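All remarks here apply to the structure that follows.
Please treat every number below as a calculation from the coordinates, not as lab data. Here the structure is a predicted model, which is why all the values come from computation and not from measurement. Here the Cβ is made from the backbone with ideal geometry for all residues, glycine too, and neighbour counts use every protein chain on show.
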Amino acid sequence: MVRSMTGFGRGVTTTKHFQLTVEIRAVNHRFLEINTKFPKEWMESEVVAKKMLSDAVSRGKIDVIIFLKELHDTEQTIQINWSLLNAFLQAKKELSRTVPMEEKWTMQEIVSLDQVLQVEKIEFMQDEIIESVKNALAEAIQNLIAMRDREGQGLQQVMLQYKKDLEAQIAEIRHYAPLAVEKYRERLMSRLEEVASGQTLDDRLLTEVAIYAERIDITEELDRLDSHFNQLSETLNENIAIGRKLDFIMQEMNREINTIGSKNQSTQCSAAVVQAKTILEKMREQVQNIE
């Protein structure tokens, strides 16, 4: 099954104290790379998240972002740092001896004093955090994979069309390849007639043509290409990550087409080889998007 490496997924879970949102963004990458942005005190949850993702996807650069929203009805308290506040008061008394100051302080002035008033955050239980992360992440992964599958269906159709186009060019090469030997025989006959005659000409002609035919023979390359086409069809229907295997098949097909191009120099074959290389390059570009 063809699955794209790009995609996005979001999952949300709500508890008594907070709402947790997990977002996953995935792009192409040669291997699996997972980057998470969790609060530093959530290390255990981060480990769980990475394990879930590595079990769900095989390749791609994955970015995971956590958004935590504390609910409005959550009770909050403010802690007063009395020793620091008294120190500020003492400093003000000393300053007031030389600098005119009002004796009374407004609440705004007290709030502006650094670290005098501190809002106490609720410490959430680790079990609650882990369970929330798992639930939200599971939903996000499901949405991510669904999006990757949808894009993968489009990629599969593109690959099948390119395969059809490439097979047409290989069929052209298969058709015109034998003609190169015949044309060579005709050119060689014309040249040899100028310097030889009779049986000597026939023997020499047969020898030269046989050597040339052996040198430009592309039967093996065409047979291997047929095998690669069969592998490509089978791979596109496999229910595992196939990106790396497809990449290898593309490399092997490129090798065979390059060899054909170097062996057979007929005009028709050369044109078909150029078209085949162009199509194959487009296929290789699409393979880079497949998990």
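Numbers below:
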item	result
Rounded, prolate or oblate (a/c below 1.5 giving rounded, otherwise prolate when a/b exceeds b/c) for the range 1-70 by Cα gyration tensor	prolate
Computed lengthening from ALA146 to ARG30, 0.36 nm per intervening residue step minus Cα-Cα distance	39.7 nm
Whole-Å distance, taken between Cα centres, linking the range 237-257 and the range 30-93	42
Residues with amide H under 5 Å from that of PHE18, placed H, sequence gap 5 or more	LEU71
Per-residue ³J(HN,Hα) for the range 30-41, Karplus 6.51 cos²θ - 1.76 cosθ + 1.60, θ = phi - 60°, Hz, x for Gly and Pro	5, 10, 9, 10, 10, 10, 10, 10, 10, x, 4, 7
Length released on extending from GLU131 to LEU117, taking residue separation times 0.36 nm less the Cα-Cα span	1.8 nm
VAL57 long-range amide H proximity, modeled H, under 5 Å	none
At R0 = 51 Å, FRET efficiency that the Cβ-Cβ distance of HIS175 and GLN153 yields, to 0.05	0.90
Cβ-derived FRET efficiency at R0 35 Å, ASP217 paired with ALA271, nearest 0.05	0.95
Contour minus Cα-Cα distance for GLN161 and GLU285 (0.36 nm per residue)	43.2 nm
